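Worksheet: one structure, shown below.
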């Protein structure tokens, strides 16, 4: 039992080291010791294992300050690869992603033709088989699946997501494990995007943040102390169903006044159509027209932002987070939405004088955070390496 505990601890420590090397590279052994709290001897031993395995390499030395010069380390990008799978409402995507969050290869197909679970699995296996037949196969160490909810992540089951082409109660993890004999992990797409920001984003100054994905629905992924927090039942951070209007519009979840009914792309387009923008208006057309000064479209986005402000303030109070990172389908208007939210939320303070600056930043990725995040999901689960 003692030996097993030591082996388990060794695996956890190796994971902690690799995570910090990926996030902070280039980084020295002494800096890793300070960041992780591991002894210099432990860091040196574990780094040697990584060097021997070809997962980490030395990449230069620091300028001399009179003593021994520090040697920097970085992850070898293609040493460990993830078979990433993204299951969206409109498309299915599979690809190979490396330790820098770079998509090496990918293919996708539309989901509109999926009649049931069996048809979906045939399409999924077709894409995955193609990835497994490439020269990258031998370095794939896990499969990460990112999917819109609702799902049971711990059980590996996709339940019955709305608008999902009859996919129901699909045990996707066991299906993939049985076919490919690799560890498989499943997570909500917004939570996966949040993990992608942790590992591969450019917001390393934040250990605590909430990733907000705005599309036809609205989701939130909560990061605490650099780790994904999903709560007791896996539902932490479901921003789309926070109440922003008492006795407001009826939501499909059964509540009234949910954020999703006011600030999702679908809700914004609906409001704009009802206020004179035209019945054929699409989300992309709304964004383009707003950027050109169209009054109704700009009003629709301003209304969207006002409700987002309410939800962000409530979530900030609940989680005491450092930052909100905004992504999703905002496209050309993302910077403007982030700017307006910064203005609305900046300088908020409690009446007893506790100052608090709520930061709002744009996602590091354009439209691919949930897919890239599958590599981070596998990294989080393969602690033993």
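Observations, loosely collected:
- Residues satisfying the stated conditions in the range 69-91, i.e. within 22 Å of residue 135 (Cβ to Cβ), in contact (Cβ under 8 Å) with a residue 40 or more places away in the chain and in a loop (DSSP other than H, G, I, E, B): 78, 79, 80
- Filter result (touching a strand residue (DSSP E or B) at 6+ places or on another chain (Cβ under 8 Å) and surrounded by fewer than 13 Cβ atoms within 10 Å (Cβ to Cβ)) within the range 120-129: none
Listed here are the residues, each with its yes/no results for (1) assigned to a helix (DSSP H, G or I); (2) out of contact with any strand residue (DSSP E or B) (no Cβ under 8 Å at 6 or more places or on another chain).
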residue: 138; (1), (2): yes, yes
residue: 142; (1), (2): no, no
residue: 176; (1), (2): yes, no
residue: 179; (1), (2): yes, yes
residue: 192; (1), (2): yes, no
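- Residue count for the range 288-339, restricted to those that are in a loop (DSSP other than H, G, I, E, B) and touching a residue at least 60 places away in the same chain (Cβ under 8 Å): 5
- Applying the set (1) crowded, with 16+ Cβ neighbours inside 10 Å; (2) at pLDDT below 90; (3) under 17 Å from the mean Cα position of the chain (by Cα) to residue 196 leaves exactly one unmet item: (2).
- Scoring residue 179 on the criteria (1) modelled with pLDDT under 90; (2) surrounded by fewer than 17 Cβ atoms within 10 Å (Cβ to Cβ); (3) in contact with a helix residue (DSSP H, G or I) (Cβ under 9 Å, 6 or more places away or on another chain) leaves a single failure, condition (1).
- Scope the range 217-241; condition part of a loop (DSSP other than H, G, I, E, B) and in contact with a helix residue (DSSP H, G or I) (Cβ under 8 Å, 6 or more places away or on another chain); matching residues: 217, 226, 230, 237
- Which numbered condition residue 262 misses (of (1) in a helix (DSSP H, G or I); (2) at negative phi; (3) surrounded by fewer than 18 Cβ atoms within 10 Å (Cβ to Cβ)): (3)
- The residues of the range 267-287 that are assigned to a helix (DSSP H, G or I), surrounded by fewer than 15 Cβ atoms within 10 Å (Cβ to Cβ) and touching a helix residue (DSSP H, G or I) at 6+ places or on another chain (Cβ under 9 Å), listed by number, are 275, 276, 284.
- Here 63, 58 are screened, and the one residue that is part of a strand (DSSP E or B) and farther than 19 Å from residue 199 by Cα is 58.
- Checked against (1) part of a helix (DSSP H, G or I); (2) in contact (Cβ under 8 Å) with a residue 60 or more places away in the chain; (3) in contact with a helix residue (DSSP H, G or I) (Cβ under 7 Å, 6 or more places away or on another chain), residue 364 passes all but condition (1).
- Filter pass, residue 185 being over 19 Å from residue 156 (Cβ atoms) and in contact with a strand residue (DSSP E or B) (Cβ under 7 Å, 6 or more places away or on another chain): no
- When every residue of the range 230-237 is checked against the conditions, at least one turns out to be more than 29 Å from residue 77 (Cβ to Cβ), touching a residue at least 24 places away in the same chain (Cβ under 8 Å), in the same structural domain as residue 316 (by TED's automatic domain parsing) and crowded, with 21+ Cβ neighbours inside 10 Å.
- Hits in the range 35-53 - residues which are within 27 Å of the chain's Cα centre (by Cα) and at pLDDT 95 or above: 50
- Of all residues making up the range 243-268, the number that are in contact (Cβ under 8 Å) with a residue 60 or more places away in the chain and either more than 24 Å from residue 331 (Cβ to Cβ) or outside the structural domain of residue 301 (by TED's automatic domain parsing) (or both): 2
The values are calculated or read from the model by the stated rules, or taken from the named source; none is laboratory data. These numbers come from a predicted model, not from an experiment. Note: ideal-geometry Cβ built from the backbone for every residue, glycine included; neighbour counts use all protein chains shown.
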